[in-house]
Every structure is written in structure tokens, then in C-alpha cells.
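Here is the structure we will look at, set down as C-alpha cells.
The values are calculated or read from the model by the stated rules, or taken from the named source; none is laboratory data. Given the structure is predicted, the values throughout are model-derived calculations rather than measurements. Note: ideal-geometry Cβ built from the backbone for every residue, glycine included; neighbour counts use all protein chains shown.
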Amino acid sequence: MEEKIYSTKKLNNKKVVYVALILIIIYVMYAIFLLTNEQSKVFTIEKSKLYLEETNIGYVVRNEKVIKGENYKNGMEQIKTEGEKVSVNESVFRYYSQNENELKQKIAELDLQIQKAMQENENISTFLDVKTIENQIDQKVIELNKLTDNSKINEYKKEINELVYKKAKIVGENSAQGSFLKELINQRANLESSLNSGAEYVKTPMSGIVSYRVDGLEESLTVNNLDSLTEEYLNNLNLKTGKIVATSGECGKIIDNFSCYIVTTSSTEQAKTAQIGDKVKIRISTNAEIDAKITNIKQEDEEKYLLVLEINKGITELSNYRKINFDLIWLSYTGFKIPNQAIVEKDGLTYVVRKRAGYETKILVKIPQINDKEVKNEKYTIIRNYKSDELQDLGWSTKKINSYKGISLYDEIILNPDISKLE
């Protein structure tokens, strides 16, 4: 009997513990709800950047000129590197002469003979001029080992060969085997002359940046036909987005480095209300924001607009592409960013309600504008305090203006406020 009573008491104690745990859990959940609910009604003001943007596909249009010579089938050697700036009438690249490989082979063989002949005259290296040239050669070799650009490497190799040739001439004039060295040097000079006379040098007709990425659209996608471009025409080009234009082995081109254009289409509300001259920003693969200006607007259909954006930076990077993904940033503004549900409008004015030390105060605030549009998106709005002259334009008295207390960093404002209680 006692054992039964003990079991009953033990069971009742467990029930009490379970009930107590349930009550504690309910209390904690309710407390969390109250805390969360209270916090959700208040927003702390911080300075942040607000964006209103869209991701689009764009076609790159440049002021560019293809340059090509007559001997393009011989192959070419770059003189100026990709992206290098040039002035009018500078040599950009050259075409090889018809028997260039054979001539280069003979020159290389003569260089070996000349080098061997110089080594047999070690006493000549004591001459001051020779020592100076040898130091220059050593320095060029050190610099050459640090280079990665092929055209620069070829340029340094050429300079080293010229120094070796110059050294050989000095040795030839001061050695017992001078006549033999002079003969080798003369043979090399004749071959070098034949090599240079057979090469065709191509010069630039305009200043800009050099590119060897030629896609055949340089004559059809030009700054002169921006007004006539349509979405259908661009789609029919069948270009792959983000594809790097292949390097040509036959020609190059000069690109205007002051400006280029991105042609895109948009169906957003911002595109519908955009105007020529509006300033926007774009973001390309580098994540850097680049200033842009709308220069052309064409309505494609009831919903879609074709926009032409002019930019003045990032041109060298864009020279690699014809069709890109990019972000079109309609708004980019740093200031006091707050949720839209904290905004209250009355009689054409904008207010927020600040909570400080338990008191709530209605504060008049102003929404900045860019291109005559308020700085706001679907979730957030940028606000600022009124200036004295702006309050004066509203008809405020001097006394009222002096008593105006605007918002400050880290102020707490109420979400979905009821300003009727504060009138």
C-alpha cells in the first residue's frame, strides 16, 4: 500500500514539473514577442548608401578606327601594347618581311660568330667604353627577367642586341682580329637593313589607345549611328554576353580614350521617366561605380525603352568586350536612410516621429532629389534636415526656425507612427 502511495506522489511531482516547464516556456516566448514587437516599432537612424538599380545587358559602342596595311598576310609584330596610349602618326605595329625568318636566322648565326670573336679578345674588355656597354647589357638583362609583356620583352631584347652590336664594333676596331670582326659586323648590318626595308610599319591616324581586339563591328556599331540602333538590330548580331573579343593577327585599331557608349534597354519606371542629360551610374565587373550620362532615348514599344549611356572612365577595360552584363544605377546617395514606413506625409510635407527619453516628437524632414526624383526605393528613403532658407520659404518665422530641432545620427524614430496624437 505504501509503495502505491509513493508511486502516485512521484507521478504527481512529474506532472507539476512538466506544467512548470510549460509555463516557463510560454512566459519566455511571450517576453520575446513583446521585446521583438517593441523593437520592430523603432528604427535607429544611421548614415548609409541607398541604391535604386537594375541589372541589364549592354552593347559597347566606341569611336574607333581599324588600321591595316597591305602585307597583313605576312604576320605582324606589335610595337605598341594592348591598351597603350599613342599619338597621331606613331607606329603601332609592323608586318614581317617576306623572308624574315631566314634573315633572322642568319643574323642569329652572325651574332654567335661575333660573340665568339669578342671572347677571344679578353684584353679589349678593359676599355672604358666596352665596360660601360657591358654594364648596360647586364642592367637590361636584369630588367628583362622582370618583364611579362611580350612586346616589352621584344623591345628589351632588341636594345640588348644593339648594345652587343655596338660593343662588337669597338672590339673590332681595337683587336688583332679587327678586319674579321668588321667583316662579320658589315654582313650583319646588311642583313639588318634587308630585314627593316622589307617590313611594313603601320601608323595611327588618330590619338587614343591601342587595341588588337577586332571583331568586325567597328564600322557598323559607331557613334555616328547611335540614333538608328534598335533592340532587334542588336539582338540579330548574335553576340555572346561577356565574351572577350579575340586578338587579331592581321590588324589593330585605335580607340578614343575620352568616351564610349553603352546601349541598353529597360522597362522600369525610371526608364519611362528618364530624360536626355540625366546623370546615372553604372557598375561593371570591377565593382567600381562609373559616372554616366543618358544621351539618347528611344521608345521600343509600350513598355521598353532603348537608352544610350555615355561614360568617360573604364574605356580600356571595356575594349575587351562588345556585349556585357552591367548594373544601371539610377540612384546612389549617401545619407540618413530610413524605412519607408517611418515616413508620414501631410499637406505636402514629410515628417518622422522621433522617440527620445520616452517622449515622441514630430520632426519635419526633407527628401533630397536627383534628376528631379526623390531619393527613395521600394524599401528605404533618404532624409535630411531642412535648411534655414528652406524653412523661411515655407513661411516659418525666425523664432520658429531657431527652435527647429532636426534629426541626428542614432536618433530612434517610430515605424508606422500616428502623428494625429502629436498635433
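For the stretch 130-240, give me every one of the helices (runs of 4 or more DSSP H) that falls completely inside it and has 1 or more residues that are modelled with pLDDT of 70 or more and outside the structural domain of Gly252 (by TED's automatic domain parsing). Spell out how you get there, then give the answer.
Working: elements: 150-174, 178-198, 231-235.
In the stretch 130-240, the matching helices (runs of 4 or more DSSP H) lie at 150-174, 178-198.
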Filtering the stretch 331-353 down to residues that are touching a residue at least 60 places away in the same chain (Cβ under 8 Å), more than 27 Å from the chain's Cα centre (by Cα) and crowded, with 17+ Cβ neighbours inside 10 Å yields Phe336, Ile338, Ala342, Val344, Tyr351, Val352, Val353
The residue from Asp278, Asp256 that alone is more than 17 Å from the chain's Cα centre (by Cα) and under 26 Å from Val66 (Cα atoms) is Asp256
Residues in the stretch 348-357: is at least one closer than 21 Å to Lys281 by Cα and either at pLDDT below 95 or in a strand (DSSP E or B) (or both)?
no
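Could you look through the stretch 358-388, keep only residues that are within 29 Å of Val280 (Cβ to Cβ) and of a type in the set (Asp, Glu), and pick out the one that is surrounded by the most Cβ atoms within 10 Å (Cβ to Cβ)?
Just the residues of the stretch 358-388 that are within 29 Å of Val280 (Cβ to Cβ), to begin with: 365-387.
Okay, now just the ones that are also of a type in the set (Asp, Glu), so 372, 374, 378.
Working: Asp372: 8, Glu374: 14, Glu378: 6.
Ranking the qualifying residues of the stretch 358-388, first place goes to Glu374.
From the set of residues in the stretch 324-347 that are out of contact with any Ser or Thr (no Cβ under 9 Å at 6 or more places or on another chain) and not in a strand (DSSP E or B), which is nearest to Ile407 (Cα to Cα)? Working first, answer last.
Residues of the stretch 324-347 that are out of contact with any Ser or Thr (no Cβ under 9 Å at 6 or more places or on another chain), as a first pass: 329, 331-333, 341, 345-347.
Restricting the remaining residues to those that are not in a strand (DSSP E or B) gives 341, 347.
Details: Gln341: 17, Asp347: 20 Å.
Checking each candidate, the answer is Gln341.
Evaluate the stretch 370-380: report whether one residue or more is in the same structural domain as Ile255 (by TED's automatic domain parsing), closer than 28 Å to Ile57 by Cβ and of a type in the set (Ser, Thr, Tyr). Walk me through how you get there before you give the answer.
Going residue by residue through the stretch 370-380, those that are in the same structural domain as Ile255 (by TED's automatic domain parsing) are none.
No, the conditions are met nowhere in the stretch 370-380.
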Picking from Asn257, Asn238, the residue that is without any contact (Cβ under 8 Å) to a residue 12 or more places away in the chain and either surrounded by fewer than 16 Cβ atoms within 10 Å (Cβ to Cβ) or not aliphatic (A, V, I, L, M) (or both) would be Asn238
